[in-house]
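First comes the structure, then the notes that go with it.
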Amino acid sequence: MVRAVDLAYRILYRALLSRLPERAAVSLGQFGLRALPIDRLSIWRSDDPGLAVTLGGVRLANPLILSSMYYDTRILGRAMGLGFGAVTAKSITRGPRPGHPHPNLVRIETAEGPGLVNCNGFKNPGLDAYRRALGALPRRIPLIVAAAGESAEEYVAVIRGLEEFGDLVEINISSPNTRLVYEWSTRPAALEELFVAVRAATAKPIIVKISPDFRQTNEETIVPAALAAGIRIVNCGNTRRVDEPRLSQKSGGLSGPALFAATLENVRRLRDRFGTALQIIACGGIDAPERARQAMAAGADACAYFTGFITRGPILARLMLDALSRSSK
Ligand SMILES: Cc1cc2nc3c(=O)[nH]c(=O)nc-3n(C[C@H](O)[C@H](O)[C@H](O)COP(=O)(O)O)c2cc1C
């Protein structure tokens with residue numbers, strides 16, 4: 001049955017979703033997730049208790065995390081039944097943001113497989129509206145709420161407003177689509193202050209999401225500063241900044257399997273350098289069961305992905321869980 005669903009999605013993706021204009025494919029996919037109660041089926045989930053992990057003291061039934069992209073709570077609620085150990089909400093800003101104009105998402109075929117380039121620009125309803133939306137979201141599995149901002153005050157306000165709805169809090173200092181967010185990595189002194197301020201703003205475990213574009217700074221400055229402030233979980237990482245003339249901003253964030261080699265290398269290096277002081281979420285290009293297995297074997301505590309959810313469909317989580325179960329036996 002799992003194989004049949006996998007095959008059916010491959011056909012759907014190849015024959016329809018990958019051929020529609022990107023904007024139409026996104027609308028259709030999100031409409032399907034909102035409308036179809038697929039999460040009532042048990043096929044997506046694994047009941048292997050051996051897959052459970054602990055992240056920042058929070059128990060996840062398995063190490064797979066839906067990475068930050070969706071803010072619609074109907075979709076997040078649905079995703080909570082699709083096999084993940086946790087789901088991440090979109091990075092929220094203090095005020096509402098319309099995001100960048102279309103085209104803000106394009107497909108890209110890379111040597112490693114299908115990817116995306118986006119310049120979404122944090123389209124989101126802003127803190128106050130999102131608090132109301134999250135209040136209605138049933139918490140079937142742990143939720144990671146996420147904050148982005150251009151000043152420490154903005155992160156602190158968003159974290160204080162969202163923390164009650166999340167089991168963990170992610171701070172996004174790495175999205176390449178908003179200049180001031182991306183540039184946090186070039187301002188180490190300001191980042192130190194940011195980490196201290198956000199650590200003081202919540203008792204929930206904090207994840208700092210870093211950029212694959214700043215490997216050396218991540219290792220030498222950003223992760224040590226996070227640890228010094230008491231932030232013990234790193235997500236590596238966000239999309240990689242690339243030029244893309246088809247997008248309205250002429251550049252965007254590359255996601256998908258082209259990132260995987262660097263993700264694996266980053267996990268290994270961070271684990272070697274920081275040992276068990278740091279928990280690591282591998283993210284970037286994990287779009288196949290073998291890649292999830294490799295990321296965990298390289299020292300990750302958990303694996304997050306988004307592009308694979310689109311290109312391989314919701315059944316990917318189950319395929320990964322089965323592979324992880326097999327490799328742990
Ligand atoms: C359309 C789109 C929107 C995204 N929005 C966010 C966001 O709001 N916050 C964030 O931290 N990452 C965001 N990401 C990055 C993903 O969470 C993830 O880190 C990245 O895509 C790499 O993982 P992947 O290769 O599995 O997709 C977004 C990615 C895409 C494609």
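The values are calculated or read from the model by the stated rules, or taken from the named source; none is laboratory data. Because the structure is predicted, anything quoted here is derived from the model rather than measured. Ideal geometry is used to build each Cβ from the backbone, glycine not excepted, and the neighbour counts take in all protein chains shown. SASA here: full protein model, heavy atoms, side chains in, ligands and nucleic acids out. Shrake-Rupley method; radii C 1.70, N 1.55, O 1.52, S 1.80 Å.
Among the residues of the range 160-177 satisfying the criterion of being away from the ligand (no atom under 15 Å from the Cβ) and not in a loop (DSSP other than H, G, I, E, B), which is most open to solvent (accessible area, probe 1.4 Å)?
160
Could you please find all residues in the range 289-312 being more than 19 Å from residue 253 (Cβ to Cβ), assigned to a loop (DSSP other than H, G, I, E, B) and touching a residue at least 60 places away in the same chain (Cβ under 8 Å)?
300, 301, 312, listed by residue number.
Is it fair to say residue 203 is assigned to a helix (DSSP H, G or I), more than 24 Å from residue 116 (Cα to Cα) and modelled with pLDDT of 95 or more?
no
Look through the range 272-287, keep the residues that are among the small types (Gly, Ala, Ser) and touching a residue at least 40 places away in the same chain (Cβ under 8 Å), and return whichever of them is farthest from the ligand (Cβ to nearest atom).
277
Taking the stated definitions as given, is residue 242 open to solvent by less than 40 Å² (accessible area, probe 1.4 Å), within 29 Å of residue 29 (Cβ to Cβ) and of a type in the set (Val, Ile, Thr)?
It is true that residue 242 is open to solvent by less than 40 Å² (accessible area, probe 1.4 Å), within 29 Å of residue 29 (Cβ to Cβ) and of a type in the set (Val, Ile, Thr).
Just checking, does the range 152-159 include any residue being in a helix (DSSP H, G or I) and of a type in the set (D, E, K, R)?
Of the range 152-159, the ones in a helix (DSSP H, G or I) are 152-159.
Cutting the leftovers down to of a type in the set (D, E, K, R) gives us 153-154.
Yes - at least one qualifying residue is present in the range 152-159.
Only one of 12, 82 is modelled with pLDDT of 95 or more and in a loop (DSSP other than H, G, I, E, B). Can you tell me which?
Exactly one of 12, 82 is modelled with pLDDT of 95 or more and in a loop (DSSP other than H, G, I, E, B), namely 82.
Do the conditions hold for residue 12, that is, is it closer than 27 Å to residue 147 by Cβ and surrounded by 12 or more Cβ atoms within 10 Å (Cβ to Cβ)?
no
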